[in-house]
1. Based on what the data block shows, is residue 13 surrounded by 18 or more Cβ atoms within 10 Å (Cβ to Cβ), assigned to a helix (DSSP H, G or I) and not assigned by TED's automatic domain parsing to the domain that holds residue 201?
2. Please determine whether any residue of the range 166-181 is in a loop (DSSP other than H, G, I, E, B), closer than 27 Å to residue 124 by Cα and at pLDDT 95 or above.
3. Please go through the range 64-79 and give me each residue that is more than 19 Å from the chain's Cα centre (by Cα) and either surrounded by 15 or more Cβ atoms within 10 Å (Cβ to Cβ) or in contact (Cβ under 8 Å) with a residue 24 or more places away in the chain (or both), ordered by number.
4. Answer yes or no: is there a residue in the range 166-176 that is surrounded by 17 or more Cβ atoms within 10 Å (Cβ to Cβ) and touching a strand residue (DSSP E or B) at 6+ places or on another chain (Cβ under 6 Å).
5. Quick check on the range 203-216. Is at least one of its residues at pLDDT 95 or above, within 28 Å of residue 18 (Cβ to Cβ) and either assigned to a helix (DSSP H, G or I) or assigned by TED's automatic domain parsing to the domain that holds residue 13 (or both)?
6. Tell me which of these residue 86 doesn't satisfy, since it passes every other one: (1) outside the structural domain of residue 208 (by TED's automatic domain parsing); (2) buried (at least 17 other Cβ atoms within 10 Å of the Cβ).
7. Evaluate the following for residue 226: is it farther than 21 Å from residue 26 by Cα, modelled with pLDDT of 95 or more and buried (at least 23 other Cβ atoms within 10 Å of the Cβ)?
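The values are calculated or read from the model by the stated rules, or taken from the named source; none is laboratory data. On a predicted model such as this, the values are computed, not experimentally measured, just so you know. Don't worry about glycine lacking a Cβ; one is built from the backbone with ideal geometry, like all the others, and counts go over all protein chains shown.
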């Protein structure tokens, strides 16, 4: 896929990005999207109505096929959505890109500040462990957590808060912080993604909903519904994602 073809594909993504502004104001911003091919990242800038090739950079490692991610790129001094070429030809591949735009927004606004308050992140930095968000060994088989997966879609915010209080007393501080971080970060991206999916008559992303086989995506699934509960309590919390982190950390006491 050459640059002109990519720009044409991204024009469709821009249309969907603009359509998503009522979901969250973050989609009114411009974003960089990079197409990773081996170690090469070909970066395009998606503005309000146009997409233009920006630059290409060499990464220290290959971008695995199927990558959907968001990272800061030093030469941009900004965050960049990172995909591989097939994303642009997949049906509804734009949803994955919009999902990663959510992570870019988190990174641009409050993510690092919030991370720095967490002991799990502080210790990871000391240990040069930059993959803790993916690799932390959370006790997914915990019975309370499995109950949360099984029931959160039908619970009220009060029901969920009660389980979070119990989980805080059962989990180590590291595990509890990890759970809250994933609920806030990935849960918000999943929550936003599923609003877009419902609006576009696409099936929701419910990966992680099997309480008999819980995994990291179960935290994203739970987070989606916790964000839905927060929105019901106070719509402003969806706009003020930094403020929302403290509320989730303190067991959703609004």
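1. yes
2. Yes, the conditions are met somewhere in the range 166-181.
3. If the condition is that a residue be more than 19 Å from the chain's Cα centre (by Cα) and either surrounded by 15 or more Cβ atoms within 10 Å (Cβ to Cβ) or in contact (Cβ under 8 Å) with a residue 24 or more places away in the chain (or both), then 76 is the only one that fits.
4. No: zero hits.
5. no
6. The single condition residue 86 does not satisfy is (2).
7. No.
Each row is one residue, and each column tells you yes or no for (1) within 18 Å of residue 68 (Cβ to Cβ); (2) touching a helix residue (DSSP H, G or I) at 6+ places or on another chain (Cβ under 6 Å).
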{"site": "133", "(1), (2)": "yes, no"}
{"site": "161", "(1), (2)": "no, no"}
{"site": "165", "(1), (2)": "no, no"}
{"site": "186", "(1), (2)": "yes, yes"}
{"site": "197", "(1), (2)": "yes, no"}
{"site": "207", "(1), (2)": "yes, yes"}
